[in-house]
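Below: the structure, in structure tokens.
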Amino acid sequence: NRLLGEYHHAQARVVEEQQALVDARQLAADCETAQQIVQHVAQSVQQKAHHRIASGVTRCLEAVFAEESYQFHIRFDRKRGKTEAKLVFLRDGNELEEPTEEAGGGCIDVAAMALRLACLMLSQPQRRRLLVLDEPFKYLSQEYRPVARELLKTLAREMGIQIIMVSHSAEFRIGKVVQLGGSE
């Protein structure tokens, strides 16, 4: 009787474990489906963010450098189970290996300012449209500074943002100028 009881108990456990295995397989399949949905949504969000950010940065580069301009691109790579974003400059469809050396500090300065602007404009919840810049174009060549100045004025007007900028360059004196310390 004792052995028969153990046998029936073991049979019941086998049925329970088989059901648990079926449930676990279903849960694994559901998790895989959910992961695919999340990855699809993430890809869609990345593509939309990439389009808005990259097109804005590229437009700023084109506004300042015209035909000598670079394109800006964000490349998303899956590494170690996570998505990493790499910011790249393109010229004639070719990615620059060392943007600072190949494109120059002026291009990096314009792209950095445009990225700050993109962060401000895309932030949720909406933040006050105030962009604070400290020497944003310190590596920009003298010949491009008047165009960068006009770009700032246009961005401020069209996007409804206030720009507060610290600069030692007289070319960037726009709007209300506050001069602190030193003798210039």
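Each row is one residue, and each column tells you yes or no for (1) of a type in the set (Ser, Thr, Tyr); (2) at pLDDT 85 or above; (3) farther than 30 Å from ARG149 by Cα.
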| residue | (1), (2), (3) |
| --- | --- |
| ALA34 | no, yes, yes |
| GLN46 | no, yes, yes |
| HIS51 | no, yes, no |
| GLY56 | no, yes, no |
| PHE65 | no, yes, no |
| PHE72 | no, yes, no |
| ARG80 | no, no, yes |
| THR83 | yes, no, yes |
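As a summary of the residue check, LEU61 satisfies the conditions (1) of a type in the set (A, V, I, L, M); (2) touching a residue at least 40 places away in the same chain (Cβ under 8 Å); (3) surrounded by fewer than 14 Cβ atoms within 10 Å (Cβ to Cβ) except for the one numbered (3).
For GLU184, the requirement of being open to solvent by 60 Å² or more (accessible area, probe 1.4 Å), out of contact with any strand residue (DSSP E or B) (no Cβ under 9 Å at 6 or more places or on another chain), at pLDDT 90 or above and not hydrophobic (A, V, I, L, M, F, W, C) is not met.
Within region 64-80, the set of residues being in contact (Cβ under 8 Å) with a residue 12 or more places away in the chain, open to solvent by less than 90 Å² (accessible area, probe 1.4 Å) and part of a strand (DSSP E or B) comprises PHE72, HIS73, ILE74, ARG75, PHE76. Would you point out which residue out of GLU143, GLU158 is surrounded by fewer than 12 Cβ atoms within 10 Å (Cβ to Cβ), within 16 Å of VAL57 (Cα to Cα) and either touching a residue at least 12 places away in the same chain (Cβ under 8 Å) or out of contact with any His (no Cβ under 6 Å at 6 or more places or on another chain) (or both)? GLU158 is the lone residue from the list that is surrounded by fewer than 12 Cβ atoms within 10 Å (Cβ to Cβ), within 16 Å of VAL57 (Cα to Cα) and either touching a residue at least 12 places away in the same chain (Cβ under 8 Å) or out of contact with any His (no Cβ under 6 Å at 6 or more places or on another chain) (or both).
I need the full set of residues from region 122-158 which are outside any loop (DSSP other than H, G, I, E, B), touching a helix residue (DSSP H, G or I) at 6+ places or on another chain (Cβ under 7 Å) and of a type in the set (A, V, I, L, M), in order please. Write out each step before concluding.
Taking region 122-158 as the starting set, the residues that turn out to be outside any loop (DSSP other than H, G, I, E, B) are 122, 130-134, 142-158.
Now restrict to residues that are touching a helix residue (DSSP H, G or I) at 6+ places or on another chain (Cβ under 7 Å): 122, 131, 133, 144-149, 151, 155.
Result: LEU122, LEU131, LEU133, VAL147, ALA148, LEU151, LEU155.
Got a sec? Which of THR83, THR58 is assigned to a strand (DSSP E or B) and among the polar types (S, T, N, Q)? Step through it out loud before you land on a result.
Numbers: THR58 fails: assigned to a strand (DSSP E or B).
Of the residues listed, the single one that is assigned to a strand (DSSP E or B) and among the polar types (S, T, N, Q) is THR83.
One residue stands out among those in region 121-134 that are open to solvent by less than 60 Å² (accessible area, probe 1.4 Å) and touching a strand residue (DSSP E or B) at 6+ places or on another chain (Cβ under 6 Å): the one that is farthest from ARG157 (Cα to Cα), which is LEU133. Scanning region 92-117 for residues that are under 30 Å from HIS40 (Cα atoms), open to solvent by 20 Å² or more (accessible area, probe 1.4 Å) and not in a loop (DSSP other than H, G, I, E, B) gives ASN94, GLU95, ALA112, LEU115, ARG116.
Of the residues that make up region 50-67, is at least one touching a strand residue (DSSP E or B) at 6+ places or on another chain (Cβ under 6 Å) and of a type in the set (Val, Ile, Thr)? Quick ask: steps written out before the conclusion?
Step one: list which residues in region 50-67 are touching a strand residue (DSSP E or B) at 6+ places or on another chain (Cβ under 6 Å), which gives 50, 54, 57-58.
Those still in the list that are of a type in the set (Val, Ile, Thr) too: 57-58.
Yes.
Against the test of being farther than 22 Å from HIS50 by Cα and among the hydrophobic types (A, V, I, L, M, F, W, C), the options MET165, MET159 yield a single qualifying residue, MET165.
The values are calculated or read from the model by the stated rules, or taken from the named source; none is laboratory data. Note that the structure is predicted; figures quoted are calculated from it, not measured. Note that each Cβ is placed from the backbone with ideal geometry, even for glycine, and that neighbours are counted across all protein chains shown. Just so you know, the surface numbers come from the protein's heavy atoms only, side chains and all, with ligands and any DNA or RNA stripped out. Shrake-Rupley method; radii C 1.70, N 1.55, O 1.52, S 1.80 Å.
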